[in-house]
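Novice: Have a look at the structure that comes next, please.
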Amino acid sequence: MRKARATWEARHDKSLIDRLNDELSGDFRRLCLTLLKGDRFLQEVRLALTLTLSLTLTLTLTLTLTPTVTVTVTLTLTLTQP
């Protein structure tokens, strides 16, 4: 990273960190600047991409007990894993 940064800065009159700071935003900017500055600990960086798995199961049971009595039970279960 340091070599790529030095190469870019040798060819341009503005530092790569300043350029990316102007062009990027949010968590992606923070990630890129942290990597370019050579910070080894990325604890402060939250990635903008989050993988979420979600499963929804709906079960409906309808029982007709008599011509005038019907019982319907609906169970919905949603599991989410961030």
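Novice: What order, most packed first, do the peptides 25-38, 7-20, 58-71 have when packing is the mean number of other Cβ atoms within 10 Å of each residue?
Specialist: Sorting 25-38, 7-20, 58-71 by mean packing, highest first, produces 25-38, 7-20, 58-71.
Novice: Right, another one. How much length would be gained if the chain were fully extended between M1 and V71, taking 0.36 nm per residue of separation minus their Cα-Cα distance, in nm to one decimal?
Specialist: Difference between extended and current length: 18.6 nm.
The numbers here are math on the coordinates, done by the rules we state, and not lab data. From a predicted model like this one, the values you see are computed outputs, not experimental measurements. Positions of Cβ are generated from backbone atoms using ideal geometry, with glycine treated the same way; all protein chains shown enter the neighbour counts.
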